[in-house]
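Structure first, then comments.
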Amino acid sequence: MEKEAILWRSMGDNKVECIACERRCKIPEGGHGFCFIRKNKNGKLYLDSYGKLEAIQIDPIEKKPFNHFMPGSYVLGVGTSSCNFGCLFCQNHNISKEREIKGVDISPEELVSLALQYKVQGIAFTYNEPTIFIDYALDVAKIAHKQGLFNVFVTNGYMTPEAVSEMKGLIDAAVVDFKGNGEEKFANKYEAIVSNENIKSSLLEMKKSGIHIEITDLIIPKVGDSLEACDKLTKWIAEKLGPDTPIQFTRFHPDYKMLDYPETPMSTLVSHYNVAKSNGLNYVYIGNVPGTKYENTYCPKCGTELVKRIGFSISSWNITSSGTCPKCGMKIPISGKVSNDFSYRDILVLR
């Protein structure tokens with residue numbers, strides 16, 4: 001399917017500027033942006049992958065990973081072809097590096113019906129960068145809200161203020177993934193972007209728009225594990241987004257064009273955890289290392305274990321019905337009522 005895109009402007013002479021992501025591609029007639037799926041046809045921008053999904057899967061919200069939004073719930077995760085980044089370590093490179101639009105045609109109405117059929121609580125736009133197919137995502141989100149479902153983005157955050165403005169009131173939460181602590185030299189070489197500063201700007205815009213924010217930071221040995229950069233990033237998060245902003249430092253697993261790099265040592269991840277805590281962040285986690293205490297949520301005031309997790313499952317819940325620590329009464333900033341069903345489901349719908 002194709003549909004005329006939102007978030008573009010005419011530049012004259014049948015040339016257009018895409019204003020969905022911060023690449024702001026200037027596209028001549030017949031051309032396409034970096035993401036390949038947003039194309040100029042007769043002086044108008046079209047999303048060529050509208051409704052064509054390459055991945056559909058039911059996941060626990062903790063797999064996205066959200067630790068402070070609708071805990072214990074399940075989402076129907078969907079993704080399309082291509083991406084606006086050029087990450088050399090991408091674990092979804094089978095779809096994100098596509099230069100041919102593939103997948104199954106599913107209209108927004110059909111997707112929401114599928115979500116209701118599988119009895120999930122929300123829809124996640126994930127697997128590849130949702131900003132590039134924001135047109136479809138927002139059409140789905142409108143229908144999903146009417147059916148009582150929530151909507152989340154799993155995103156690199158490289159979006160324009162105009163895109164965030166369109167998301168307001170439709171996208172309930174976003175997990176934004178930094179890589180390599182947001183270092184510019186890492187972004188240039190391994191992600192094919194100029195700078196991560198635009199990601200920080202979009203985070204501020206999302207916060208102002210009332211979108212729940214969580215952050216992940218992929219730590220890659222040798223090239224993206226600087227504690228100095230971690231110190232700088234986590235200080236910025238604490239100051240600009242607030243000390244209650246959850247952050248998860250994620251273990252790197254070799255993939256795509258970085259198969260000769262090792263997995264991130266646990267000691268490196270713990271060092272990052274400690275830096276973030278020392279900079280005043282209250283809710284710090286380590287991901288992709290199941291079975292450690294660093295997956296759990298603790299009260300920042302008295303240290304009580306509040307939520308125990310194993311991988312993507314919640315094994316115990318110790319927060320009161322009013323959302324406070326049972327020992328000291330501190331309010332814990334977790335959005336949404338916890339599900340009573342902690343059983344793990346991971347259902348492949350389409351991949």
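Of the peptides 31-38, 92-99, how do they stack up when ordered by the mean number of other Cβ atoms within 10 Å, highest first?
Top of the packing list down: 31-38, 92-99.
Suppose all protein chains stay in the model; what accessible area per residue would a 1.4 Å probe give for the chain, in Å²?
Here the per-residue accessible area is 40 Å².
Roughly how many debye, to the nearest 20, is the charge dipole of the chain about its Cα centre, given +1 on each Lys and Arg Cβ, -1 on each Asp and Glu Cβ, and no other charges?
That gives a dipole near 500 debye.
Can you list residues whose amide H is under 5 Å from H212's amide H, if they're 5+ apart or on another chain and H is modeled 1.01 Å from N?
It is A173, A174, by chain and number.
For the range 182-241, what is the largest minus smallest coordinate of the Cα atoms on each principal axis, given in angstrom and ordered from greatest to least?
Principal extents (largest minus smallest coordinate, Cα): 36, 22, 14 Å.
Using the eigenvalues of the Cα gyration tensor, what equivalent ellipsoid semi-axes result for the range 1-40 when each is taken as the square root of five times the eigenvalue, whole Å, largest first?
Whole-Å semi-axes of the equivalent ellipsoid: 13, 12, 10.
Let me know the charge dipole size of the range 104-231 about its Cα centre in debye, to the nearest 20, where only the beta-carbon of Lys, Arg (+1) and Asp, Glu (-1) is charged.
That gives the range 104-231 a dipole magnitude of about 260 debye.
Quick one: what do you get for the range 221-329 if you divide its Cα Rg by 2.2 N^0.38 Å?
1.17
To the nearest 20 Debye, how big is the dipole of the range 47-165 about its Cα centre, given +1 on the beta carbon of each Lys and Arg and -1 on that of each Asp and Glu?
The calculated dipole for the range 47-165 is roughly 300 debye.
Pull out the extension gain between K208 and Q117, defined as 0.36 nm times the separation in residues minus the alpha carbon to alpha carbon distance; nm, one decimal.
So the chain would gain 29.4 nm between K208 and Q117.
Ignoring any ligand, DNA or RNA, what whole percent of the accessible area of the chain comes from carbon and sulfur when the probe is 1.4 angstrom?
C and S atoms contribute 49 percent here.
Extension gain D13-L259, at 0.36 nm per residue separation less the Cα-Cα distance, in nm?
Gain on extension, D13 to L259, equals 84.1 nm.
Please work out the Cα convex hull volume for the range 1-140 and give it in Å³ per residue.
Given the Cα convex hull of the range 1-140, per-residue volume reads 106 Å³.
Looking at the range 230-340, what % of its DSSP beta bridges pair antiparallel, to the nearest 5?
65 percent
Taking springs between alpha-carbon atoms closer than 10 angstrom, which of I193, I310, I134 fluctuates most in the Gaussian network model of the chain?
I310
Return the calculated 222 nm mean residue ellipticity for the chain, to the nearest 500 deg cm²/dmol, obtained by summing -39500 (n - 2.57) across DSSP H runs with n ≥ 4 and dividing by the residue count.
One gets -5500 deg cm²/dmol as the mean residue ellipticity at 222 nm.
Quick one: ranking S278, S271, S322, S73 by accessible area, 1.4 Å probe, largest first, what do you get?
Per-residue accessible area, sorted high to low, gives S278, S322, S271, S73.
Taking Rg/Rh (Cα atoms, Kirkwood Rh) straight from the coordinates, which label in (1) 0.96; (2) 1.05; (3) 0.99 is the correct one?
Entry (1).
Using amide H atoms built 1.01 Å from N in the peptide plane, name the residues 5+ places from G287, or on other chains, whose amide H lies under 5 Å from its own.
F249, T250, R251
The values are calculated or read from the model by the stated rules, or taken from the named source; none is laboratory data. Here the structure is a predicted model, which means the values were calculated and not measured. Neighbour counts run over all protein chains shown; Cβ positions are idealised from the backbone, glycine included. Heavy atoms of the whole protein, side chains included, go into the accessibility calculation; ligands, DNA and RNA do not. Shrake-Rupley method; radii C 1.70, N 1.55, O 1.52, S 1.80 Å.
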